[in-house]
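Input: a single structure, listed below in structure tokens.
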Amino acid sequence: MEALTKRFQMINPKWLENERMGRWNRDTSKNLKFYRRFGKNGIVIPRGYARQLMLQLKRDRLAYELEDRRRTQPAVDFTFSATLKAFQREAVDVMRKKISAPSAHRPAAAKPSWGSG
């Protein structure tokens, strides 16, 4: 947890600039945090980091619990026809192996929640 909280925070550049220029920093937070803690052992992290974190946890053999809060929409039928070029077909095949069908269409605002298990 400590490693994650360190990874997702940084010193606020605006605070540094104010400090350097001798300006008042009262309403400027010193650190920017890109995570949110919840509960005793939980953390909400940026969605783009979820896969990397899961792989790291598996490598380190650490237990975790993922609460997937993505929303789903009703299926929409549509027809589409195209011919992929060889390099596009290769890219699609690689991506199909990496992602499962339900996770292929995520809403942009979704963020995974993590808790230690």
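Descriptive notes on the structure:
- Asp27 accessible area, assembled protein chains, probe 1.4 Å, Å²: 140 Å²
- Residue pairs, from the table Lys33/Lys58; Lys40/Lys97; Lys6/Lys40, whose Cα atoms sit over 27 Å apart: Lys40/Lys97
- Two numbers describe the Cα atoms of the range 1-77: Rg and Dmax, which are 17.9, 60 Å.
- Chymotrypsin sites (Phe, Trp or Tyr not before Pro) within the range 25-59, DSSP loop, no more than 15 other Cβ atoms inside 10 Å: Phe34
- Among the protein heavy atoms, those of Phe87 account for about 140 Å² of accessible surface (1.4 Å probe, every chain in place).
The values are calculated or read from the model by the stated rules, or taken from the named source; none is laboratory data. None of these values were measured; they are calculated from a predicted model. Note: ideal-geometry Cβ built from the backbone for every residue, glycine included; neighbour counts use all protein chains shown. For accessibility, only protein heavy atoms count, side chains too; no ligands or nucleic acids. Shrake-Rupley method; radii C 1.70, N 1.55, O 1.52, S 1.80 Å.
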